[in-house]
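Structure first, commentary second.
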Amino acid sequence: MNDAAFQQCIHPDCAATFDLGQSLYACPRCGSLLDVRYDWDRLRVPARLADFEARWQTRSQPLDHSGVWRFRELLPFAPDAMKVTVGEGQTPLQQADELAAFIGHDAGRLFLQYEGFNPSGSFKDNGMAAAFSHARMVGATRVACASTGNTSASLALYAARCGMTAWVFIGQGKIAFGKLSQALEYGGRTLQVAGDFDACMARVQEATDRLGLYLVNSVNPFRLEGQKTIMYRVLESLRWQPPDWIVVPGGNLGNNSAFGKAFIELRELGLIDRVPRVAVINAAGANTLYRLVEQEGLAWNGGCCDAGLVDRYYANMRAAGRKASTIASAIEINVPVNLAKCLRTLDATAGVVREVTDDEIRDAKAAVGKFGYGCEPASAASVAGLRKLLADGTISRGDRVVCILTGHLLKDPNATVKYHAEMGRELSNRPIPVPDDIEAIVAKIQEG
Ligand code: F0G
């Protein structure tokens with residue numbers, strides 16, 4: 001196996017290393033998260049990011065067509081024969097001038113990275129392409145995840161294509177129907193646990209330990225390697241000029257962790273000279289990160305973050321019986337597993353965290369849809385967060401901003417229809433009842 005790539009504990013006092021042949025979801029020595037690391041001097045990396053554009057000429061090759069593997073020299077852990085792709089990552093950046101005007105941002109300065117265009121309709125496919133490649137490398141046949149919906153949809157799709165059995169742990173009544181329907185249709189064996197996402201996460205980790213399942217939640221460091229490529233595609237669309245800000249919803253905090261790692265590595269490799277600032281947006285009803293970082297002052301601190309503060313926070317949360325609750329079901333999470341890596345991203349990018357209410361999320365989602373993009377509730381937290389950051393002066397209207405739309409509009413149609421049926425929302429668009437009578441219909445259309 002390739003020994004220029006390895007796994008490493010992110011805690012600086014431990015920093016234990018492990019080879020690629022092991023399936024690990026935490027450091028066996030100290031329990032911290034793991035990274036996939038590379039000895040770049042022994043690997044071949046293109047001299048300029050623009051060199052990757054040559055792959056547009058050879059798109060008939062599946063690995064060059066994949067928006068993940070097109071950048072394979074920047075996640076070089078899998079031999080080509082093991083790489084899995086179903087055509088993920090065809091997700092161009094969209095300049096959103098009308099939306100910018102609507103929220104008070106300058107024309108030409110707001111871009112949407114619509115990851116809903118992926119095969120299973122969310123950004124998770126970037127991660128699955130990488131994780132399933134590693135699963136193949138270690139000979140896995142049974143894969144598993146806990147999910148608020150999108151991970152399970154993506155897992156079930158990739159498992160079906162790879163001939164593996166998918167075990168999906170979902171909370172009862174906690175998953176949008178679009179997502180559940182995908183997991184079922186792709187043949188995922190779906191365990192509806194009588195608990196919330198955090199309970200599912202704990203149970204799937206126990207089941208993985210006992211049964212040797214291959215776990216593809218974002219504690220799997222290979223998954224995050226795939227999600228780095230979302231940033232490579234953003235940079236490519238901006239002609240390799242980093243934007244000022246990336247604004248991304250935060251749930252289990254894997255995505256922003258992957259983005260931070262991508263930028264840290266690109267800077268180390270000398271491929272960019274400036275990193276964008278990353279803003280992570282929590283739902284106010286699931287705001288562990290916001291409270292810990294912006295209110296309690298939790299920070300990366302060279303990898304030695306204040307574990308006591310975090311433990312006390314969770315102890316208080318449990319004692320008070322506080323449970324996450326938000327319309328953005330994808331990010332309804334109390335205990336985000338990638339907290340430490342997220343702190344690293346915030347540190348490396350001078351990042352910030354904000355929280356947005358469900359009403360702010362719903363109005364932002366309708367605005368994203370009104371101008372012809374569309375996304376699910378959790379994704380709209382990014383645009384609602386941008387509004388907040390503009391209002392509090394953290395982001396200026398001339399800054400170049402990329403909001404990540406993490407999931408497709410059709411993932412959660414109930415949330416959309418409910419919004420538009422409601423009176424008095426900022427953008428509600430109620431169906432108009434008319435009799436089955438052409439004169440009445442014509443009259444209604446002429447009214448406008
Ligand atoms: N947006 C969507 C649409 C999601 O599905 C998720 C996470 C997030 C944002 C948050 O991303 O966890 O990397 O901070 N969904 C997971 C799931 C938890 O199970 O599908 P994160």
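The values are calculated or read from the model by the stated rules, or taken from the named source; none is laboratory data. Note that this is a predicted model, so its numbers are computed, not measured. As a convention, Cβ positions derive from the backbone with ideal geometry for all residues, glycine included, and neighbour counts pool all protein chains shown. The accessibility values were calculated without ligands, DNA or RNA, using every heavy atom of the protein model including side chains. Shrake-Rupley method; radii C 1.70, N 1.55, O 1.52, S 1.80 Å.
One residue stands out among those in the range 237-252 that are over 18 Å from Pro377 (Cβ atoms) and part of a loop (DSSP other than H, G, I, E, B): the one that is nearest to the ligand (Cβ to nearest atom), which is Pro243. Applying the selection to the range 144-166, what residues are assigned to a helix (DSSP H, G or I) and among the small types (Gly, Ala, Ser)? Correct list: Ser152, Ala153, Ser154, Ala156, Ala159, Ala160. Can you find even one residue in the range 180-191 that is open to solvent by less than 10 Å² (accessible area, probe 1.4 Å), outside any helix (DSSP H, G or I) and among the hydroxyl-bearing types (Ser, Thr, Tyr)? Within the range 180-191 (the criterion being open to solvent by less than 10 Å² (accessible area, probe 1.4 Å), outside any helix (DSSP H, G or I) and among the hydroxyl-bearing types (Ser, Thr, Tyr)), the answer is no, since none of the residues qualifies. Of the residues Gly163, Gly139, Gly127, the single one that is of a type in the set (Gly, Ala, Ser) and either within 21 Å of the chain's Cα centre (by Cα) or open to solvent by less than 20 Å² (accessible area, probe 1.4 Å) (or both) is Gly127.
Figure legend. Inter-residue proximity from the range 49-75: first residues within 25 Å of Phe263 (Cβ to Cβ), second residues open to solvent by 10 Å² or more (accessible area, probe 1.4 Å) and β-branched (Val, Ile, Thr), beta-carbon distance below 6 Å, spacing 6+ or different chains. Indicated pairs: Asp64/Thr58; Ser66/Thr85; Trp69/Thr85; Glu73/Val45. For the range 129-154, what are the residues that are near the ligand (Cβ under 9 Å from one of its atoms) and either under 14 Å from Glu185 (Cβ atoms) or of a type in the set (D, E, K, R) (or both)? Those that are near the ligand (Cβ under 9 Å from one of its atoms) and either under 14 Å from Glu185 (Cβ atoms) or of a type in the set (D, E, K, R) (or both): Gly149, Ser152, Ala153, Ser154.
Looking across the range 41-84 at every residue that is buried (at least 20 other Cβ atoms within 10 Å of the Cβ) and aliphatic (A, V, I, L, M), the one that is nearest to Arg233 (Cα to Cα) is identified as Val68. Within the range 114-126, residues that are among the hydrophobic types (A, V, I, L, M, F, W, C) reach partners that are near the ligand (Cβ under 10 Å from one of its atoms) and assigned to a helix (DSSP H, G or I) with beta carbons closer than 6 Å, at six or more positions or on different chains, in the pairs Phe123/Glu115.
Against the conditions (1) assigned to a helix (DSSP H, G or I); (2) aliphatic (A, V, I, L, M); (3) surrounded by 21 or more Cβ atoms within 10 Å (Cβ to Cβ), Ile281 satisfies every one except (1). Of the residues making up the range 2-33, those that are on the phi < 0 side of the Ramachandran plot and aliphatic (A, V, I, L, M) are Ala4, Ala5, Ile10, Ala16, Leu20, Leu24, Ala26, Leu33.
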